[in-house]
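**Student:** The structure's right below; bear with me while I get my questions together.
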Amino acid sequence: MMLNQLTITEAQVGLRAKKFSIVELVTACLDQIKTYDHKLHCFLTLNDQALNQAKVMDAKPDWSKPLFGLPFALKDNFLTEGLRTTASAKVLDDYLPQYNATVYQRLLNAGAILLGKTNMDAWAHGSSTETSDYGPTLNPWNTAHLPGGSSGGSAAAVAADMCIFAIGSETAGSIRQPAAWCGVTGFKPTYGRVSRYGVIAMASSTDSPGPLAKNTTDAALVTAVIAGVDPCDATSSPKPVDIHPQSLQGLSLKGKKIALPQEYLLGEAKDLVLKAAEVFKQAGANIKNVSLLDPKFAIDVYTLVQRSEVSSNLARYDGIRYGADRSAFSYQAKNRSLLGTFALSTGYYDQYYKKAQQVRTQIIAEFDQLFKEYEFYLAPVSPGPALKLGTGQDNPMFGEIEDRLVEASSVAGLTGLSVPCGFIDGLPIGLQITGPQFSEQSILSAGYFYQSQTKFHLQKPKL
Amino acid sequence: MTKLIPVIGLEIHVELKTKTGMFCSCSADHFGKAPNTNTCPVCLGLPGALPIPNHQAIDWAIMVGLALNCRVNLESTFDRKHYFYPDLPKGYQISQYDDPFCQSGFLNLESGKKIRINRVHLEEDTAKMQHKVVNGKKLTLVDFNRSGVPLVEIVTEPDISSGAEAKEFLKKLRDILRSLQVSDCDMEKGSMRLEPNISWSESATKLNNYKVEIKNLNSFRFAEAGIDFELNRQKALLDEGKTPLQETRGYNSQKHATFSQRIKETSADYRYFPDPDIPPIVLTKEYVEKLREKLPKFPEVLVSELVKSFHLNTQTAQLLVKDASKLAYFKKYCHEIEPEKLANLIVNKKIDLKQPPIIKTASQKVDSGIIEKVLAENADAVAKYKAGKTSIIGFLIGQVMKLTHGQTDPASAQNLLLKHLQG
């Protein structure tokens, strides 16, 4: 096995046993990027200091740091001091941040090494990575297909073993959907569990940073590092972090109630999800069909809230600062800004934004009710496998429709995991395991259990 | 035609003198600093930066509201107010809209007239633009030092009827803010900014179809003059059957006149919505009551106390109350010196508040013990006096003055010394 293919745990064991050095590990990832990234286009900017940092770390190892010497990829909407950060938008083409995002700083403190910044839908507006102002990322399983998005570059980089793990951010599906389409493990923690400070804002009330990794244990290891209250983010939760990557095993499913929302069992993914549910059933879980609000309502709520917040969050790129005028905005950003501006206008606010927030409250109440009885629910992340290149570009509602099965959980700020649960036409399908707010440990344990029983997450694309 | 009356409402912005900014840890004391040396990602509105509300500023805004007899909302939100302007780095200002901290208060004028307060809310200040010529080119430069400084906005109902009433209200308000010690209210430094809205209307509830806002008023005197000028200007137009334009006007203090700055045909659409970066601020009744307990005694209360306890006249008492250091000085010495005299001395004469007061009046009592002490300690001088060298009385007076730290009237000291020496 090549070093760049290792999981976090495998790499840590090897490094500590001195089977290989941090320089060798980083070199393996950089070589993989060199060999395949011209084809897949996962990265926008590489960290030319990565090898030097590895050398320094080899000289003075500190294994007390939880991610010491592990190379990772970072979505390009996380600010990195002095290293170009664009959010895949030409408006920020040559933007050099003055400070580090909290997530990035925590990873650095944990000893991780940044390989580079990954491609995404411009401003994270999309679910295909096709709307990047720097061109699309391609799906490592089949380059005629999309990687999903908006964290498509991070998902594809993990799938193509260009890094040991990656960081993405999700507003509604932007971690879980590309994870599903690229066949990796993606985790969206509870809204407020991971700081948004230094993440170029998309929809502030749902943005949630999280990991894309090779398995659930890795996702847990990374989340444990990046989670926790941040004095720089007033919406970060002061609750103590309850994530223990070393004790994911031993989850007793006997008698546990797991929900299968009928409205979510859509498309080609349905049969694979039902098969996945069987795995839980065989461990003694009590799988029950339930009925939830039609996901189409979540599309409306999400679209209104997101467009409104986007129009506000993009207002600072007003042509006075950052060097590019407003003509540098591409279609999606303009479209969303206009819709959001309209929805927040006098006379329409009550009809749109306020109403959307009221429905959002209802969605939250419905989930509260569900989780009184059930541990979590199972559903497809996306109704089908990765769509073909070109399908995302000109459809302004592409993302919302592709992400409709994860939108309700996003607007409710829930915890959700995406794990590979099979293949259709050689393309991976993702299973979502979604639970109440702050149920990270329980959801990760369920994912760990599922991956201990299946091998879908071990399959690698032929590059 | 119905009779029209002057209808004036005030919007007052006050910079709080908190240590740090409204949403960041930059210094709130921005005045006189080199441009753009007091900034951070938050007040520059950089990508990814997030606001953290300053709880000191929130407490103070609530105390201002309580001092103005407002109702305090136990759940308040910060909202985004969107507009495009170079001094606004995020493209929106964080302010308050539907649920401000305080609503529905009032402040009474001397006449007993009640001026209702619509709301007291918190927001962040904007950056400052400087129009300069650099290398022969006219440029507008932006200094972000002020960006994000906490601002309290106080909005009255349109209950004011004249420039004089506006001036009285503003002075009262400034006195309250100063006694709360939340702001310097220094108009020249821009820490207190006034914006009257003026029209001739049927009543405060039946407003005319236009109003004029005056900006750049940097003294109460200019506010009074500007409002009166504006009322006359509008009246003349209305008398001719014209309707004044809805506009923002500036005030030229040399010409004592207002001038048109910006025509506002429609009201701006600020697209307010609750700032998703800041969870709602939830307070308990107990918390608000604790803030109420912290309120100092307000000028009106202090004046009536001074009048009652020390028999000062109201005008003198008001003048004392206006200046916290003068009031403190009065309280320090009012038990040693006759209060009325002390108060007059403080109010009418420029005295050094660092020195004890010197009152040169015959009625000033000199402790006969001091006289005896001086005589006993200076037996030589007494002997010389008795031997006929009467001029030595000057030396003895000096000793009395020394022992009483100059607080004795030399004439009365002389009288008493003579009494003792001759008696």
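The values are calculated or read from the model by the stated rules, or taken from the named source; none is laboratory data. These figures come from a predicted structure and were not determined experimentally. Neighbour counts run over all protein chains shown; Cβ positions are idealised from the backbone, glycine included.
**Student:** Which of the residues that make up region A:10-34 are surrounded by fewer than 17 Cβ atoms within 10 Å (Cβ to Cβ) and touching a residue at least 40 places away in the same chain (Cβ under 8 Å)?
**Tutor:** Hit for region A:10-34 is A:Arg16, nothing else.
**Student:** Starting from residues that are more than 21 Å from the chain's Cα centre (by Cα) and in a strand (DSSP E or B), keep the ones in region B:140-170 and report whichever is farthest from B:Pro89 (Cα to Cα).
**Tutor:** Ranking the qualifying residues of region B:140-170, first place goes to B:Thr140.
**Student:** Restricting attention to region B:20-43, and to residues there that are surrounded by 21 or more Cβ atoms within 10 Å (Cβ to Cβ) and in contact with a helix residue (DSSP H, G or I) (Cβ under 6 Å, 6 or more places away or on another chain), which single residue is modelled with the lowest pLDDT?
**Tutor:** From region B:20-43, those surrounded by 21 or more Cβ atoms within 10 Å (Cβ to Cβ) are B:21-24, B:26, B:28, B:30, B:38-39, B:42-43; that's our starting set.
The next check asks that each one be in contact with a helix residue (DSSP H, G or I) (Cβ under 6 Å, 6 or more places away or on another chain); those that pass are B:22, B:30, B:38-39.
Details: B:Met22: 96, B:His30: 89, B:Asn38: 94, B:Thr39: 95.
Step by step, filter region B:20-43, then rank; the result is B:His30.
**Student:** Hey, can you tell me all the residues within region B:244-279 that are facing another protein chain (nearest Cβ under 10 Å) and either of a type in the set (S, T, N, Q) or in a strand (DSSP E or B) (or both)? Write out each step before concluding.
**Tutor:** Taking region B:244-279 as the starting set, the residues that turn out to be facing another protein chain (nearest Cβ under 10 Å) are B:267-279.
Residues satisfying the conditions are B:Ser267, B:Phe273, B:Pro274.
**Student:** Starting from residues that are outside any helix (DSSP H, G or I) and not basic (Lys, Arg), keep the ones in region B:280-302 and report whichever is farthest from B:Ala343 (Cα to Cα). Walk me through it before giving the result.
**Tutor:** So the first thing to find is which residues in region B:280-302 are outside any helix (DSSP H, G or I), and the list is B:280-284, B:294-298.
Of the ones still in play, those that are also not basic (Lys, Arg) are B:280-284, B:295-296, B:298.
Working: B:Pro280: 48, B:Ile281: 45, B:Val282: 45, B:Leu283: 43, B:Thr284: 43, B:Leu295: 25, B:Pro296: 21, B:Phe298: 19 Å.
Looking at residues that are outside any helix (DSSP H, G or I) and not basic (Lys, Arg), I get B:Pro280.
**Student:** Here is a further query. Looking at B:Phe31, B:Phe78, B:Phe23, B:Phe84, which one is under 19 Å from B:Gln130 (Cα atoms) and within 14 Å of chain A (Cβ to nearest Cβ)? Can you show your working first?
**Tutor:** Details: B:Phe31 fails: within 14 Å of chain A (Cβ to nearest Cβ); B:Phe78 fails: under 19 Å from B:Gln130 (Cα atoms); B:Phe23 fails: under 19 Å from B:Gln130 (Cα atoms).
Being under 19 Å from B:Gln130 (Cα atoms) and within 14 Å of chain A (Cβ to nearest Cβ) holds for just one of B:Phe31, B:Phe78, B:Phe23, B:Phe84, which is B:Phe84.
**Student:** Which of the residues belonging to region B:99-108 are within 14 Å of B:Leu283 (Cα to Cα) and away from chain A (no Cβ under 14 Å)?
**Tutor:** At the first step, the residues of region B:99-108 found to be within 14 Å of B:Leu283 (Cα to Cα) are B:99-102.
Passing the criteria: B:Pro100, B:Phe101, B:Cys102.
**Student:** For region B:303-317, what are the residues that are in a helix (DSSP H, G or I) and either more than 24 Å from B:Leu177 (Cβ to Cβ) or in contact (Cβ under 8 Å) with a residue 60 or more places away in the chain (or both)? Explain how you work it out, then say what you get.
**Tutor:** Keep residues of region B:303-317 that are in a helix (DSSP H, G or I), which gives B:303-310, B:314-317.
Of everything in region B:303-317, those that are in a helix (DSSP H, G or I) and either more than 24 Å from B:Leu177 (Cβ to Cβ) or in contact (Cβ under 8 Å) with a residue 60 or more places away in the chain (or both) turn out to be B:Lys308, B:Ser309, B:Phe310.
**Student:** Another question, then. Check every one of the strands (runs of 3 or more DSSP E) wholly within region A:37-151 and list those with 2 or more residues that are of a type outside the set (A, V, I, L, M), more than 14 Å from every other protein chain (Cβ to nearest Cβ) and buried (at least 24 other Cβ atoms within 10 Å of the Cβ). Write out each step before concluding.
**Tutor:** Working: elements: A:43-46, A:71-75, A:113-118.
Filter on region A:37-151 gives A:71-75, A:113-118.
**Student:** Check region B:241-255 and report whether any residue there is in the same structural domain as B:Cys102 (by TED's automatic domain parsing), of a type in the set (D, E, K, R) and within 30 Å of B:Leu50 (Cα to Cα). Write out each step before concluding.
**Tutor:** Restricting attention to region B:241-255, the residues satisfying the condition of being in the same structural domain as B:Cys102 (by TED's automatic domain parsing) are B:241-255.
Narrowing the set further to residues that are of a type in the set (D, E, K, R) leaves B:242, B:247, B:249, B:255.
Next, only the ones that are within 30 Å of B:Leu50 (Cα to Cα) stay: none.
No, region B:241-255 contains no residue that is in the same structural domain as B:Cys102 (by TED's automatic domain parsing), of a type in the set (D, E, K, R) and within 30 Å of B:Leu50 (Cα to Cα).
**Student:** Based on what the data block shows, is A:Pro189 more than 20 Å from A:Leu46 (Cβ to Cβ) and within 14 Å of chain B (Cβ to nearest Cβ)? Working first, answer last.
**Tutor:** Numbers: more than 20 Å from A:Leu46 (Cβ to Cβ): yes; within 14 Å of chain B (Cβ to nearest Cβ): no.
Spelling it out, it is not the case that A:Pro189 is more than 20 Å from A:Leu46 (Cβ to Cβ) and within 14 Å of chain B (Cβ to nearest Cβ).
**Student:** Further, regarding this structure: The conditions are (1) in contact (Cβ under 8 Å) with a residue 12 or more places away in the chain; (2) touching a strand residue (DSSP E or B) at 6+ places or on another chain (Cβ under 9 Å), and B:Gly48 fails exactly one of them. Which is it?
**Tutor:** (1)
**Student:** A follow-up question, please. Have a look at A:Ala155, A:Ala166 and point out the one that is small (Gly, Ala, Ser), under 21 Å from A:Gln459 (Cβ atoms) and either without any contact (Cβ under 8 Å) to a residue 60 or more places away in the chain or in a loop (DSSP other than H, G, I, E, B) (or both). So that I can check it myself, show each step before the final result.
**Tutor:** Values: A:Ala166 fails: either without any contact (Cβ under 8 Å) to a residue 60 or more places away in the chain or in a loop (DSSP other than H, G, I, E, B) (or both).
Every option except A:Ala155 fails the conditions.
Let's see how each residue does on (1) at pLDDT 95 or above; (2) surrounded by fewer than 19 Cβ atoms within 10 Å (Cβ to Cβ):
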| site | (1), (2) |
| --- | --- |
| B:Thr126 | yes, no |
| B:Lys132 | no, yes |
| B:Phe169 | yes, no |
| B:Ile176 | no, no |
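**Student:** Does region A:309-333 hold any residues that are over 22 Å from the mean Cα position of the chain (by Cα), of a type in the set (A, V, I, L, M, F, W, C) and more than 8 Å from every other protein chain (Cβ to nearest Cβ), and which are they? So that I can check it myself, show each step before the final result.
**Tutor:** As a first pass, look at region A:309-333 and keep what is over 22 Å from the mean Cα position of the chain (by Cα): A:311-312, A:315-331.
Applying the additional criterion that residues be of a type in the set (A, V, I, L, M, F, W, C) yields A:315, A:320, A:324, A:328-329.
Passing the criteria: A:Ala324, A:Ala328, A:Phe329.
**Student:** What pairs come out if I take residues in region B:21-44 that are under 22 Å from B:His55 (Cβ atoms) and pair them with residues that are assigned to a loop (DSSP other than H, G, I, E, B) and basic (Lys, Arg) whose C-beta lies under 9 Å away, six or more apart or interchain?
**Tutor:** Close Cβ pairs satisfying both conditions: B:Ser25/B:Lys19; B:Ser27/B:Lys19; B:Ser27/B:Lys33; B:Ala28/B:Lys17; B:Ala28/B:Lys19; B:Asp29/B:Lys17; B:Asp29/B:Lys19.
**Student:** Given the conditions (1) away from chain A (no Cβ under 14 Å); (2) surrounded by fewer than 23 Cβ atoms within 10 Å (Cβ to Cβ), report the number of the one that B:Gln96 does not fulfil.
**Tutor:** (2)
**Student:** Going by the structure shown, is A:Val184 out of contact with any Phe, Trp or Tyr (no Cβ under 9 Å at 6 or more places or on another chain), at pLDDT 95 or above and over 19 Å from A:Ala446 (Cβ atoms)? Can you show your working first?
**Tutor:** Details: out of contact with any Phe, Trp or Tyr (no Cβ under 9 Å at 6 or more places or on another chain): yes; at pLDDT 95 or above: yes; over 19 Å from A:Ala446 (Cβ atoms): no.
So A:Val184 does not fit the description; no.
**Student:** If I ask for residues that are assigned to a helix (DSSP H, G or I), at pLDDT below 80 and under 19 Å from B:Glu338 (Cβ atoms), which ones from region B:402-423 would you list?
**Tutor:** B:Pro410, B:Ala411, B:Ser412
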